[in-house]
Amino acid sequence: MVIKVFLASSSGSTAIKKKQQDVVGFLEALKIDYAQLDIASNEDNRAWMRENVPGEKKPTNGIPLPPQIFNEEMYCGDYDTFFDAKEDNTVYEFLGLTPPPGSKEAQQAENSQKLQNGSVTEEHPDDDTTKIELKEAEQNGDAHTAELEEDEESKNAETDAQDENEEEEEPAEEEEESRKPAEEEEQEEAEGDKVEDNHLVSEED
């Protein structure tokens with residue numbers, strides 16, 4: 001694939017000359033192979049460039065100004081889009097080329113790929129991790145069930161103990177009730193003895 005840069009060698013515009021030099025100088029600095037196609041001295045180059053620049057990229061008058069950049073027949077962009085790509089370190093992407101290893105653009109691509117892979121890993125964890133989590137959940141569930149069973153057993157034990165205490169208290173109450181008549185009889189007998197004693201005393205008098 002050859003990068004084609006359409007230029008106007010005899011342009012009277014200082015701004016256009018400066019933009020053309022910026023594009024060519026940057027491509028040379030990156031050691032990217034390119035071909036300069038002059039539209040000032042070659043009518044075919046001018047016609048081809050004007051026909052192949054997309055309509056939405058053409059200015060209002062319909063005549064695109066150099067420099068215009070292509071990768072073979074694929075349109076890459078004009079100076080403004082080239083400048084944006086240069087600022088963002090995405091010139092290789094802009095040109096439709098694979099960035100060489102060690103370049104800033106290649107490092108950025110690697111970092112973005114790692115981030116994407118990391119997010120995918122988080123969204124779809126390994127099956128082993130999922131199994132471990134399920135086992136832990138099952139174990140926790142069994143432990144919880146065991147705790148509930150222990151609570152039930154302790155409650156039942158407390159209830160049985162209460163019932164036994166109530167049964168022990170009932171005979172005590174019965175004993176107290178049986179004691180009351182006996183005490184009353186003893187009191188009556190004592191009172192009777194007192195009456196007899198009094199009666200005897202009165203007879204002696």
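Quick one: which of Ile16, Ile32 is outside any helix (DSSP H, G or I) and hydrophobic (A, V, I, L, M, F, W, C)? Before you say what the answer is, go through the steps one by one.
Numbers: Ile16 fails: outside any helix (DSSP H, G or I).
It is Ile32.
Checking Leu30 against (1) touching a residue at least 24 places away in the same chain (Cβ under 8 Å); (2) more than 21 Å from Asp88 (Cβ to Cβ); (3) within 50 Å of the chain's Cα centre (by Cα), which single condition isn't satisfied?
Unmet condition: (2).
Taking Pro101 as meeting all but one of (1) surrounded by 10 or more Cβ atoms within 10 Å (Cβ to Cβ); (2) at pLDDT 85 or above, write down the number of the exception.
It is condition (1) that Pro101 fails.
So Gly12 ticks every box in (1) under 42 Å from the mean Cα position of the chain (by Cα); (2) modelled with pLDDT under 95; (3) open to solvent by 50 Å² or more (accessible area, probe 1.4 Å); (4) on the phi < 0 side of the Ramachandran plot but one. Which box is left unticked?
The number of the failed condition is (1).
Among the residues of the range 55-75, what is the count of those that are in contact (Cβ under 8 Å) with a residue 40 or more places away in the chain and open to solvent by less than 40 Å² (accessible area, probe 1.4 Å)? Let's see the steps before the verdict.
The first filter runs over the range 55-75 and keeps only residues in contact (Cβ under 8 Å) with a residue 40 or more places away in the chain, leaving 65-72.
This time we only want the ones that are open to solvent by less than 40 Å² (accessible area, probe 1.4 Å), so: 66-71.
Of the residues in that region, 6 qualify.
Do the conditions hold for Ile69, that is, is it closer than 19 Å to Met1 by Cα and in a strand (DSSP E or B)? Walk me through how you get there before you give the answer.
On the way: closer than 19 Å to Met1 by Cα: yes; in a strand (DSSP E or B): yes.
Yes; evaluated as a whole, the condition is true for this residue.
In this structure, is Ile39 over 19 Å from Thr90 (Cβ atoms), of a type in the set (A, V, I, L, M) and crowded, with 19+ Cβ neighbours inside 10 Å?
Yes; evaluated as a whole, the condition is true for this residue.
The values are calculated or read from the model by the stated rules, or taken from the named source; none is laboratory data. All values reported here derive from a predicted model rather than from experimental measurement. Every residue, glycine among them, receives a Cβ derived from its backbone with ideal geometry; neighbour counts consider all protein chains shown. Surface areas here come from the heavy atoms of the whole protein model, side chains and all, with no ligands, DNA or RNA. Shrake-Rupley method; radii C 1.70, N 1.55, O 1.52, S 1.80 Å.
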